[in-house]
Every structure is written in structure tokens, then in C-alpha cells.
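Colleague: One structure, as C-alpha cells, below. Some questions next.
The values are calculated or read from the model by the stated rules, or taken from the named source; none is laboratory data. No experiment lies behind these values; they were computed from the predicted model shown. Neighbour counts are summed over all protein chains in view; Cβ atoms, including those assigned to glycine, are modelled from backbone coordinates with ideal geometry.
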Amino acid sequence: MTTVPPHVPVLLDAVTDLLERPDGVVVDLTLGAGGHARAVVARRLQVWGHADLLGVDRDEDALALARERLAEELADPRVRIRFVHARADRLGEVLDTAGIGHVAGVLLDLGVSSMHLDRPERGFAHRLEGPLDMRMDRSGGPTADDLVNGLPEEELAGVIRRYGEERFARRIAAAIVAARPVAGTRELAELVRGAIPAGARRTGGHPAARTFQALRIAVNEELTALEATLPVAIDRLDSDGVLVVLSYHSLEDRIVKRALAAAATGCVCPPDLPVCGCGRRPLVEHVVRRPLTADAEERRRNPRSGSVRLRAVRRLAVAA
């Protein structure tokens, strides 16, 4: 496996504070290089004298790296860490297979990590030459090449507009289709740059960033998986269990915000109804009223933390 710089976990203190209680199993659904997991295990050792963590990731390379970096924790008899290769939206199946009913905490650190962006052979980075892959799980499924070189122009424009929020999606799709076959990441990035008017390229980041984000989200079905994961994560929390979600762009944060708000909503009967007829009770309460963001010092040390939004809820009483 290609050596990459270590991934820097974002909002580490906030995550460990939120996931130190109650006692029980904590599920890291986006284990990555294990940075958050290591800190959560260390904190739970301090608080409880033991730690039980289930590390899930759809990327087999990430799981291998996490095993390596958590070697010290794995050697501690007070610590139990299990590794599972699966998508986050298979949480219910993963817990059932492990014989786990309810859990003390769930962590979702969304988006793409350094181990993806800094490895050109994975095809995520518009600044590095690589194949048009972008799959987080390389064991199967369509690649970015399949979308870039295979989708009809109208469908490709829809993907770029929907998942990249790109206002020049039609122009970009037309340029890509005219240049087919597109061979790699740099060629794609230059095509996108050329399709965007010069005036619009003078501000913001790299002009291809939104298109690359859109393709990555589509390839990995990220938003569909997120929508399916959140209700299951809430349902499998034990009483006082905490769900922590880190999101990095408006599309995923909007889904998280709505799902957590819905779970925290109680009676929805008209206010003039004397007795509740809907029977709805809130499942969770917000423990972070306003989304947490990285402070100036963290943004300086880790520029990729600049867009993070942390939201968290605590499960209310679960029936025995």
C-alpha cells in the first residue's frame, strides 16, 4: 500500500467528549485511519477502565491501515476492537451479525479523507494525475470513468448539478462528452477549467472541485447511504447513547440536520387539539444546539477542517 501522510482527525476533543458515556460498545462507522477511534478508546479507558469499539469502513485499505495504527490498543487486554468491511448503511446487519443489540455511541465522519485525496492511484484528487476511479470500496461497483465516459450528456450534467451544486454543469458535461474518451484526473480537471467562464474562475478554489465532488458522491452513493444510515443509527442507540456526525458540505449536512430534527420532534398534533392523537414521542435530544466548527488554530493546522460541521444527539429512554 502506498505510503500517505497520516490523516488528521477533525474536532478530536469534541468527538471524544461526546462519546465518553455511557458504558457500552461504540461504533465508528467511518473508521478511516483510526484517529478518532484511538482517542475514543483512550478516553473510555480513563472513564470506564475498558473500551469496546466496532470499527466499520467500506475501504479495505483503510481497515488495514487502522489495524496497523491501532496495534498498541489491540494489545491492551482492557480493549476490544473489531473490524468490519461494510458500508455504513449496513449498520443493522453488522450489529446483528456481531450479536449487538444497542450501542453506547455511533460516529460518522463523512466525506473523503487524506488517504483518498493524497493517493493519486485512487483518482479522487483533481491536482494529481491518476485514473478516474473514485471508489471508496474497490471490490466492485461503477467508477468515475464509467460516468465520465458512459453517461449521456443530460444525465452527466444532472449529476454534476445535483451533487456538485455546479451552475455551469451543462457546459462542463458538453465539454466532457465532446472530448471523450477522457483518460485521467488531470485531463478531466483541465476540461472542467476550460468549460467554466474565465470570470467565474477568478474566485473560490479550483474550478474542478465541485465536479470531482459530484462524481465521487455519485460513484459511492454517499447521500443515499447517509439517508439510510441515520435512522438505523438512532434506533440502535441505547438509552443516553450518542450519535455524532461530522459533515463537510451542505448536501450531506442538510440531510443530517433534517434527520436529527425529525428524530427530536415530539407531538405534531394541531395546537388546538386537547389530547395528543398522534402518539409521537421524541427519540433523541440535541446535545449540540448549533453545529460545532473548527476554530482558527485547527483550521491553520489542518485546512481540511475548515468546512466541518458537527451535530450530535443523545437517545432518550429505550424500552427494555
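Colleague: Filter region 49-68 down to the residues that are of a type in the set (Gly, Ala, Ser), in contact (Cβ under 8 Å) with a residue 40 or more places away in the chain and buried (at least 23 other Cβ atoms within 10 Å of the Cβ) and list them by number.
Modeller: Within region 49-68, Ala62 is the sole residue that qualifies.
For (1) within 30 Å of Leu151 (Cβ to Cβ); (2) at pLDDT 95 or above; (3) touching a Phe, Trp or Tyr at 6+ places or on another chain (Cβ under 8 Å), each residue gets a yes or a no:
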| residue | (1), (2), (3) |
| --- | --- |
| Leu223 | yes, yes, yes |
| Ser247 | yes, yes, no |
| Arg258 | yes, yes, no |
| His286 | no, yes, no |
| Arg301 | no, no, no |
| Gly306 | no, no, no |
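Colleague: Among the residues of region 235-258, how many are touching a Lys or Arg at 6+ places or on another chain (Cβ under 7 Å) and either over 29 Å from Ala317 (Cβ atoms) or among the β-branched types (Val, Ile, Thr) (or both)?
Modeller: Here the count works out to 3.
Colleague: Pick out the one residue from Gly92, Gly105, Gly101 that is under 22 Å from Gly55 (Cα atoms), of a type outside the set (Val, Ile, Thr) and in contact with a strand residue (DSSP E or B) (Cβ under 7 Å, 6 or more places away or on another chain).
Modeller: So the residue among Gly92, Gly105, Gly101 that is under 22 Å from Gly55 (Cα atoms), of a type outside the set (Val, Ile, Thr) and in contact with a strand residue (DSSP E or B) (Cβ under 7 Å, 6 or more places away or on another chain) is Gly105.
Colleague: I'm trying to understand the selection: among the residues of region 267-284, which are over 30 Å from Gly111 (Cα atoms) and either surrounded by 12 or more Cβ atoms within 10 Å (Cβ to Cβ) or in contact with a strand residue (DSSP E or B) (Cβ under 7 Å, 6 or more places away or on another chain) (or both)?
Modeller: Within region 267-284, Cys267, Cys269, Cys276, Arg280 meet the criteria.
Colleague: Return yes when Leu147 is in a loop (DSSP other than H, G, I, E, B) and either farther than 25 Å from Arg87 by Cα or modelled with pLDDT of 95 or more (or both) and no when it is not.
Modeller: no
Colleague: What pairs can you find where one residue is in region 89-103 and free of Cβ contacts under 8 Å to residues at least 60 places away in the same chain, the other is among the polar types (S, T, N, Q) and part of a helix (DSSP H, G or I), and their Cβ atoms are less than 8 Å apart, with a gap of 6+ or different chains?
Modeller: Going by the 8 Å Cβ cut-off, there are no qualifying pairs.
Colleague: Regarding region 225-238, can at least one residue be identified that is loosely packed, with under 12 Cβ neighbours inside 10 Å, of a type in the set (D, E, K, R) and assigned by TED's automatic domain parsing to the domain that holds Gly24?
Modeller: no
Colleague: I've got another one for you. Please work out which residue is nearest to Arg314 (Cα to Cα), limiting yourself to region 133-159 and to residues that are among the aliphatic types (A, V, I, L, M) and in contact (Cβ under 8 Å) with a residue 60 or more places away in the chain.
Modeller: Applying the filter and picking the extreme gives Met136.
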